[in-house]
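Visitor: The structure follows.
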Amino acid sequence: MTISWVVFAIGSAVFAALTSILAKIGIEGVNSNLATAIRTGVVLILAWGIVFLTGTQSGLRNITHRSLLFLVLSGLATGLSWLCYYRAIQLGPVSKVAPIDKFSVVLTILLSFLFLHEKIDLKTIAGGAMIAAGTLVLIF
């Protein structure tokens, strides 16, 4: 039985919420860059552990140069996002930082249209507009 992508998306949302709360508590008195490095080390160990537990490390030899380039660029974007996020939650309230961070949903919709040529319908535009409006309401 295949688990639906929706289950993983909900898991992502739950763990992202926990990440914010746990990070805010843990970052007290710790440099935000150091905190990000610790978090990244844990993620690295967890991700490689899952790769080896599931036996998928053999797929390494099948990765194309193009895929590797974009995975590295994605990793750089993730790292910069985490560094910015940790500094933001160190300086401000999580209840305001998180909604701004989740504005990435609106940016992702726009970028998926521009670069991936995904179709955007009225429902997607309306949802994106509501997320943008909600972000503004929560931060001001």
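Visitor: Highest mean first, what order results for 51-60, 104-113, 10-19 on Cβ atoms within 10 Å?
Guide: Ranking, from highest mean packing down: 104-113, 10-19, 51-60.
Visitor: Out of [x] 49, 46, 32; [y] 46, 36, 28; [z] 59, 32, 29, which label holds the value of Cα extents along the principal axes in Å that was computed here?
Guide: [x]
Visitor: With the Cα gyration tensor of the stretch 46-106 in hand, give its eigenvalues times 5 under a square root as the equivalent ellipsoid semi-axes, listed largest first in whole angstrom.
Guide: Equivalent-ellipsoid dimensions as semi-axes: 31, 15, 10 Å.
Visitor: What Kirkwood Rh does the stretch 63-140 have if only Cα atoms enter the pairwise 1/r average? Answer in Å.
Guide: 14.4 Å
Visitor: Mind sorting 5, 82 by how few other Cβ atoms lie within 10 Å of their own Cβ, fewest first?
Guide: 5, 82
Visitor: Taking the Cα centre of the chain as origin and charging only Cβ (+1 Lys, Arg; -1 Asp, Glu), how large is the dipole, in debye to the nearest 20?
Guide: Dipole about the Cα centre, nearest 20: 100 debye.
Visitor: Below 27 Å, Cα to Cα, which lysines can residue 96 reach? Residues fewer than 8 away in the same chain don't count.
Guide: Cross-link targets: 24, 123.
Visitor: Let me ask something additional. Rank the residues 118, 28 as a footprinting-exposure proxy: fewest other Cβ atoms within 10 Å of their Cβ go first.
Guide: Least crowded to most crowded, the residues run 28, 118.
Only the coordinates and a few stated rules stand behind these numbers; no lab work does. Here the structure is a predicted model, which is why all the values come from computation and not from measurement. In this analysis, Cβ positions are derived from the backbone assuming ideal geometry, glycine residues included, and neighbour counts consider all displayed protein chains.
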